[in-house]
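All remarks here apply to the structure that follows.
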Amino acid sequence: MTVAMDYEPPESGPELDSAMEAATAAFSLVEEFGLLDDVSLALWDALPEDFCHDHELDRGRLIRCESPTLGHQHASLSLAIVLKNAARRAVEAEAFPCLRTAQDVDTRLWDVPGATVRKPDVLVFRCLEEGRRKLWGYDLVLAVEIVSPSSGATDTGKDNQRTGFESKMTQYALAGIEHYWIVRLKPDDSAIASIEQWWLGPGYRGAYTKVATWTNGETAEAISTKLPFPIEATWADLEF
């Protein structure tokens, strides 16, 4: 799910007309050259940045991301703050040489077969080497997806070999992202309902194993784990 927290569209006038023309041109480019179902990373990089901002790439197929709810954005920000602080402590303890925390950043899982680029809602990754700007799945220490009713199948659903559908959960595991969290919101979008912790583990077989579930109103802690580094949070820490 894509979160555009710092983008404010123009309300009217020439700026709006220009933005609309750019968006129309981007879609025309995609349709004219038949890129919807066979987009490589090279073609993805050549598409307008504004177009890619609200799309993902699923085995060569462009997927338009839905607009996030306010609850989703609040949850993403709260989790990012908790994870950033925990990652900083892990670096200070020399558990990792360098870590960064981000939200909704293009993450290349693989190029072939079928280029795939996803945008985890929150991610913690190892600092990139000087001069490298592209983030890959193998850089990630943790990927977090905040599940909405409409994104549940994409984020956590069962794969379908007949149709070729793969959930993000499967794709993150195949890309070797060791830790994956699923965050569910309350039905009224007012708070985080639960957080599930999944791990590839030492016996990696291409699928995650659930390690823990923290449930609002049932578990005292919102997060309490040593993996991928010590992270502790109360439900009050994640309120919004």
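Observations on the model:
- Convex hull per residue volume in Å³, alpha carbons only, for the range 75-121: 76 Å³
- Take each peptide in 221-232, 112-123, count the other Cβ atoms within 10 Å of every residue, and average; sorted highest first, the result is 112-123, 221-232.
- Within a straight-line Cα-Cα reach of under 19 Å, LYS119 can be paired with the following lysines, leaving aside sequence neighbours fewer than 8 residues apart in one chain: LYS84, LYS134, LYS168.
- Segments 174-181, 189-196 sorted - mean Cβ within 10 Å per residue, highest first: 174-181, 189-196
- Segment ALA102..GLU66, full-extension length gain: 11.0 nm, with 0.36 nm per residue of separation and the alpha-carbon distance subtracted.
- Label-point separation, VAL91 to ALA46 (7 Å along Cα→Cβ), nm: 3.7 nm
None of the figures in this text is laboratory data; all of them are computed from the coordinates on show. As the structure is a prediction and not an experimental result, all values here were calculated from the model. No Cβ is skipped: glycine too gets one built from the backbone with ideal geometry, and neighbour counts run over all protein chains shown.
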